[in-house]
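Only one structure is covered here, and it is reproduced in the block below.
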Amino acid sequence: MPDDGHGPRRTADDHRLAHIARTIAEGYDVKNPTPANASATANGTSTDAGTDSTTTLADLERRATAHRERPAYGRDALISCDRLVRIFTTDGVEVQALQGLDLLVAEGELMALVGASGSGKSTLMNVLAGLDVPTAGRASVAGHDLLAMGAKERLRYRREAVGFVWQQTARNLLPYLTGVQNVALPMQLRGTRMSRSERGTRAGELLELLGVDDCRDRRPHQMSGGQQQRVAIAVALANEPAVLLADEPTGELDSATAKDIFAAFRTANEELGTTIVIVTHDQAVADQVRRTVAIRDGRTSTEVLRRTQVDATTGEESVVAREYAMLDRAGRLQLPAEYTEALTMRDRVLLELEQDHIGIWPDDTSSPSGA
């Protein structure tokens with residue numbers, strides 16, 4: 001972007017990119033810009049789907065009052081993503097990595113994000129970590145507005161509010177420092193008035209909590225891959241972050257070691273109360289958390305909630321999982337591919353509002369049977 005001395009000038013491409021981002025965030029289809037909450041009339045104009053010719057002024061006032069009194073989206077969440085958009089431009093080609101994504105994460109939660117390569121998982125993690133800036137929408141973490149932060153505030157946010165664990169074990173630790181020195185370094189960089197002794201004490205406590213106190217005087221090359229990752233978790237926890245983010249933390253480890261790494265995350269969550277979000281391809285890891293959110297095509301697609309139930313007769317505990325489709329803020333719903341393929345659903349489907357549910361049928365002129 002050219003700079004005229006008063007800051008970078010926005011080019012035509014910049015304005016177009018911003019327009020696309022806004023339309024996605026507001027729930028519009030860029031190729032067919034009709035609002036998600038509007039319906040087409042016979043003469044080609046659009047009307048609000050919630051109004052008709054019999055709507056009175058009193059009806060509109062009641063709806064407006066109800067809307068004002070509705071709690072703000074994500075008000076009580078520690079992490080809130082509202083119609084989040086991230087568009088990259090490479091060699092003149094625009095890639096919409098996040099397309100109006102909605103996500104709420106409660107304080108103290110331990111949850112997983114899953115999805116195919118290119119679905120937007122890592123882009124979302126980079127945004128939440130303060131390593132990337134969204135194109136449009138809203139995103140906040142622990143009260144920090146991720147779109148409004150300047151460079152200095154963003155640096156402070158990365159040092160204090162979030163911790164991050166990378167997939168590559170070698171990327172998390174400095175090779176010439178011991179385990180305890182690696183953990184103490186973030187506290188020193190933060191610029192607090194902790195003494196060297198206090199930093200060392202806290203670093204040792206974290207290593208002990210995560211079961212790698214025997215690595216305090218070892219350098220990374222003297223540790224196993226699993227030990228390196230547990231020390232890396234201690235590094236990420238050094239400054240008591242509100243959120244710990246981990247991008248494929250078990251991707252380079254065998255299944256037995258992966259279990260140890262997940263146990264370390266669970267310990268941090270239960271003992272320290274840290275909110276933890278893990279991106280993973282490992283279904284064994286995803287199955288260990290109470291909530292797993294799947295991302296597809298840059299949006300939250302499905303969500304699996306797990307709960308423990310006790311058999312009234314035997315007293316045995318079992319975990320029950322239930323999968324939900326996600327309805328985003330623009331009213332969009334992604335149907336699982338296995339459902340649409342089984343019923344040959346393409347292009348359009350028939351919807352009917354029933355008393356207690358919405359029926360969805362393949363496009364057919366015949367009347368649907370069976371609710």
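Read-outs: derived from the displayed coordinates by stated rules, not from any lab. Just so you know, these numbers come straight off a predicted model, no measurement behind them. Cβ: placed from backbone, ideal geometry, glycine included. Neighbour counts: every protein chain shown.
The figures follow:
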read-out: FRET efficiency estimate (nearest 0.05) - Cβ-Cβ, residue 283 to residue 311, R0 35 angstrom; value: 0.85
read-out: Between the range 298-371 and the range 172-209, the alpha-carbon center distance in angstrom; value: 48
read-out: Computed E for residue 170/residue 58 - FRET, C-beta separation, R0 56 angstrom, nearest 0.05; value: 0.25
read-out: Separation of the residue 323 and residue 355 label points, Cα + 7 Å toward Cβ, nm; value: 3.0
read-out: Pairwise label distance in nanometres, residue 205 with residue 149, each label 7 Å out on the Cα-Cβ vector; value: 2.5
read-out: Restricting the range 185-252 to trypsin sites (Lys or Arg not before Pro) in coil, as DSSP defines it, with at most 11 other Cβ within 10 Å; value: 193
read-out: Inter-site label distance for residue 90 and residue 266 at 7 Å from Cα along Cβ, in nm; value: 3.7
read-out: Loop chymotrypsin sites (Phe, Trp or Tyr not before Pro), the range 159-204, which have at most 11 other Cβ atoms in a 10 Å radius of their Cβ (DSSP); value: 176
read-out: Alpha-carbon centroids, the range 257-290 and the range 105-171: separation in whole Å; value: 17
